[in-house]
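A short write-up of the structure that comes next.
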Amino acid sequence: MTKVVRGLLIVAALLAAGQAQAVASEETRPLLIEGKKNLFQRVLSKPGAQLVSIPGKGDAKPVTPFTAFYVFSRVDFEGRSWVQVGYDTHGKKGGWIPDQDLIEWNHGLTVSFRDPTGHSRVMLYRDAEQASKLGTGTNGAELDALYQAAISNQMPPDSPVVALQPSAYVDIKDDFYLVPIREFKDVFIGPEQGRLLRVSTVPHNAPGQEPQIQGTDQKSPKSLSTGVVFVIDSTLSMAPYIARTKAAVRKIYDQIAKKDPQGAAAFGLVAFRDDTSSVEGLEYRTMVFADLQKGATAKEFFSQVAEVETDKISNKDFIEDSYAGVKRAIDDISWGDFQARYIILITDAGAREGNDPLSGSKMSADTLRQLARDNNTAIFVLHLLTPTGADNHASAEQQYKALSLYPGIGDLYYGVKAGDVAEFGRVIDLLTDQLVAQMRHGSVSEEQTQEQVQQEPAVADDRQLTQLQEKVNKLGYALRMQYLDQPRKGNIPQVFDAWMVDRDPKEPQRKTVDVRVLLTRDQLSELYQMLREVLETAEEGLLSPRNFLDDIKSLAATASRDPERMAGSTRSSGANNLADMGFMKEYIEGLPYTGEVMSVSLEDWRNWPAKRQLEFIQRLEEKVSYYRALHDHTDLWVSLDGGPVGGDSVFPVPLDMLP
């Protein structure tokens, strides 16, 4: 072939691509998903993807990893498939990207691996057939052999297993990565209903690049930095417990000074009472007396907490606003770089739930616990079972066990019998000592750490205290393993297009992943505004039960499917409502996971007593409070381009927290 002929062919191909671009530019809507009338094709950019103005030509512009695009056109040029992408559904084109640098992402859902401590790690399979055969537990012997080969890094080239979950728990918020769900199939994993997931692993670091974890050294790791914040009821009955807590902290600081003067531990203190409008003279609902930054030494801590005193008057009723105190500790304490974060709630009263008119948090135990988990914080509760609160003990215990529940470990609750000050002192001494001891263990090897955990003292004559100590050991061990394994956290499987199951084939009742929805900060703000509007309209009696349920379902489905389309398209009135336009069914169809709202029918609603309807609405109102709190925690948001936190920064919101 002559150079002239070859040149003419190249020119013709470029003209064809240009014509394709011109035709595509006239399109105002993205391409639809096959078989759908309103759902558009969406893709995610892989690390290293670049935009060009014309397929195969033009200046290449790097793309922020994980950018979500809409697909407007597809063409083949010089043996490569190219995709014209846009930033929204209104025709704002971005350019062209090779298809190989994109991942289909029509569900908008991603999964994050749960902590594998004490369990088998998740295996990723080459194809759906092998995942179905092995991942559902139907061939245990072969599964065991493959797992052993995988963890010993001795997989043959033709192994059906292509990757393993990282050995340490990788928190998606600290080491950002995505595992977008591309397809799913319903399967039984043992007796449990599960799902077979086709996923793509997208690490934040470019392929082959190990992440640089600041503050770690594999040869000489530093101590595990530990922050402990006491959230103390400072009402009239609490004076002896506040004094005993200060004594426990004084003892710990003395131990640190003797044994580990460089120990990275700090204490903080938040006091709470109740709504100040309910009783005159309460002075405050919550107050931060010592921040972790000001509690790094005994001198600084005690200079701050010297002013903590109980009030001189009684509350409106026995319960207090302890949730507001916990939320204040999460929101306003500067947790900084503390790897181990603990809140110890100390109270003799039950909590005001989010639906209480006097509640300052507007959150339930479950919602507040999720906010704490988003911030990598564990909550302990020391509940003083004083005789004066006997009628409240059972309900308060239920509240605080829910608040302190930690995944894979259980609740971190302890009820102090009769509110005995001596017993309280013994428990607070042991608890704080254990938590700080974990700091010193952070500088040793995994083998030494496990040995020390097994050697922790147990109190045989008190079953409740023994159980709490065992839970603290498990929690501390999990945190230390995360910290010790930080230099190896780069071992996130760099695999695209693999299959996995969402339950452990050996323990089918255990889910191995959490489902999340990647939202930008602007999208979360939009979700907050829209849900609040729907609830306000419903409360004003302007929505029928059918329209109310359809609006909530539409909002939840849109957030899961395509959060960009929430803006201006799901208002609770008018023609733009998704339910009115008939989109809702299509948006819900084919979602691998749905939230609570999706299963509620109009018949269910009508059959529910008024109390249950009210509880349903109150749970939605708690989520409004959660969205606002999450939006304001700028330290949780990830800017994928490395810039400051803004409207385009993202956070993987748990699916359970959608409407």
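Listing for the model above:
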item	result
Residue, modelled with the highest pLDDT, within region 557-581, restricted to residues that are over 19 Å from residue 41 (Cα atoms) and among the small types (Gly, Ala, Ser)	579
The lone exception for residue 101 - which of (1) in contact with a Ser or Thr (Cβ under 7 Å, 6 or more places away or on another chain); (2) at pLDDT below 90; (3) of a type in the set (Asp, Glu) it fails	(2)
Matching residues, region 336-371, being aliphatic (A, V, I, L, M) and either surrounded by fewer than 21 Cβ atoms within 10 Å (Cβ to Cβ) or part of a loop (DSSP other than H, G, I, E, B) (or both)	349, 358, 363
Test: residue in region 87-98 that is on the phi < 0 side of the Ramachandran plot, touching a Lys or Arg at 6+ places or on another chain (Cβ under 7 Å) and in contact (Cβ under 8 Å) with a residue 60 or more places away in the chain	yes
Residue list for region 517-550, restricted to those being free of Cβ contacts under 8 Å to residues at least 60 places away in the same chain, closer than 29 Å to residue 104 by Cβ and not hydrophobic (A, V, I, L, M, F, W, C)	523, 526, 550
Condition check for residue 163: part of a strand (DSSP E or B) and either outside the structural domain of residue 31 (by TED's automatic domain parsing) or acidic (Asp, Glu) (or both)	yes
Selection status of residue 603, among the acidic types (Asp, Glu) and at pLDDT below 80	no
So residue 306, is it in the same structural domain as residue 236 (by TED's automatic domain parsing) and free of Cβ contacts under 8 Å to residues at least 24 places away in the same chain	yes
Number of the condition not met by residue 90 [criteria: (1) farther than 17 Å from residue 641 by Cβ; (2) modelled with pLDDT under 90; (3) touching a helix residue (DSSP H, G or I) at 6+ places or on another chain (Cβ under 7 Å)]	(3)
Residue count, region 253-306 (criterion: out of contact with any strand residue (DSSP E or B) (no Cβ under 7 Å at 6 or more places or on another chain), modelled with pLDDT of 85 or more and buried (at least 19 other Cβ atoms within 10 Å of the Cβ))	1
Of residues in region 176-200 being part of a loop (DSSP other than H, G, I, E, B) and buried (at least 19 other Cβ atoms within 10 Å of the Cβ), the one modelled with the lowest pLDDT	176
Residue list for region 132-170, restricted to those being closer than 25 Å to residue 47 by Cβ and surrounded by 15 or more Cβ atoms within 10 Å (Cβ to Cβ)	150, 155, 161, 162, 163, 164, 165, 166, 167, 168, 169, 170
Failed criterion for residue 645 (all others in (1) farther than 26 Å from residue 372 by Cα; (2) not in a helix (DSSP H, G or I) hold)	(1)
Segments classed as strands (runs of 3 or more DSSP E), wholly inside region 85-153, with at least 1 members that are more than 22 Å from the chain's Cα centre (by Cα)	93-98, 102-104, 123-125
Meets criteria (under 22 Å from residue 368 (Cβ atoms) and at pLDDT 85 or above) for residue 242	no
Conditions (1) surrounded by fewer than 17 Cβ atoms within 10 Å (Cβ to Cβ); (2) closer than 24 Å to residue 43 by Cβ: number failed by residue 510	(2)
Of residues in region 372-406 being of a type in the set (Ser, Thr, Tyr) and outside any helix (DSSP H, G or I), the one modelled with the highest pLDDT	404
Residue within region 56-69 that is more than 31 Å from the chain's Cα centre (by Cα), part of a strand (DSSP E or B), surrounded by fewer than 19 Cβ atoms within 10 Å (Cβ to Cβ) and modelled with pLDDT of 85 or more present	yes
Residues of region 515-565 that turn out to be buried (at least 21 other Cβ atoms within 10 Å of the Cβ) and of a type in the set (Ser, Thr, Tyr), as a count	3
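The values are calculated or read from the model by the stated rules, or taken from the named source; none is laboratory data. Model, not experiment: these values are computed from the prediction. Note that we place each Cβ from the backbone using ideal geometry, even for glycine, and neighbour counts take in every protein chain shown.
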